[in-house]
1. What are the pairs with Cβ atoms under 9 angstrom where one residue, in region 161-178, is in a helix (DSSP H, G or I) and the other, located anywhere, is open to solvent by 60 Å² or more (accessible area, probe 1.4 Å) and hydrophobic (A, V, I, L, M, F, W, C)? Sequence gap at least six, or different chains.
2. Any chance you could count how many residues in region 112-128 are at pLDDT 70 or above, of a type in the set (A, V, I, L, M, F, W, C) and open to solvent by 40 Å² or more (accessible area, probe 1.4 Å)?
3. Restricting attention to region 1-46, which residues are under 22 Å from Val80 (Cα atoms) and charged (D, E, K, R)?
4. Could you tell me which numbered condition Trp153 fails, if it satisfies all but one of (1) of a type in the set (Phe, Trp, Tyr); (2) surrounded by 10 or more Cβ atoms within 10 Å (Cβ to Cβ); (3) at pLDDT 70 or above?
Amino acid sequence: MLFLNIINHIVRQNPEVRQQLSGYNGLVVGVRTGSLHIVGRINAEGLLAQTHRAADCTLLLHQDALPQMMQGRMPDFNDVAIEGDMPLGMGILWRCAALRYSPHEDIRRLLGDENSRKTAQWAGRAGGVLQMVGQWLQQYADQMGEKQPAPAWQQQLDACRQEIEALRRQLAERDKRD
């Protein structure tokens, strides 16, 4: 049931696909990858409902296909097979290929528009700080191998410390408001 809810959540974020899937009302589809086997009946809203009927068609995904899809990449054609009703399976597969998950919508719904914008800005700045730290560590490691002192890394370290301190202040201010 958990996986049906996750699939339905993603389908709800794609109204065009949801509308197209509603045309398959009453048909039962399955998805199998590794030991995971999900079966659901497509309802009039284009969502999957729990059922005990056998699947009219099942999409068989190679074990590497699901992680690829979670990263927003389409799996290779030879990573997917269809068992059962082939035309139905191809139709479902093409609709599934159009599904996109937007975590930003979930964050916005949970935090609200203003807080999600601020969180995204903070995450971007924190990512910048982490990139600077990574570059500094890489330069430091390179210099340690060469045994040469370099004042540039000290300046970068100071800039990272200042940015981290600014982020700490912003978080403290945000926590006070919440």
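The values are calculated or read from the model by the stated rules, or taken from the named source; none is laboratory data. Quantities reported herein were computed from a predicted structural model and do not represent experimental measurements. Note: ideal-geometry Cβ built from the backbone for every residue, glycine included; neighbour counts use all protein chains shown. SASA here: full protein model, heavy atoms, side chains in, ligands and nucleic acids out. Shrake-Rupley method; radii C 1.70, N 1.55, O 1.52, S 1.80 Å.
1. Between residues of region 161-178 that are in a helix (DSSP H, G or I) and residues that are open to solvent by 60 Å² or more (accessible area, probe 1.4 Å) and hydrophobic (A, V, I, L, M, F, W, C), the close pairs are Glu163/Met132; Leu167/Trp122; Gln170/Trp122; Leu171/Trp122; Arg174/Trp122.
2. So the count comes out to 2.
3. Arg18, Arg32, Arg41
4. With (1) of a type in the set (Phe, Trp, Tyr); (2) surrounded by 10 or more Cβ atoms within 10 Å (Cβ to Cβ); (3) at pLDDT 70 or above applied to Trp153, the lone miss is (3).
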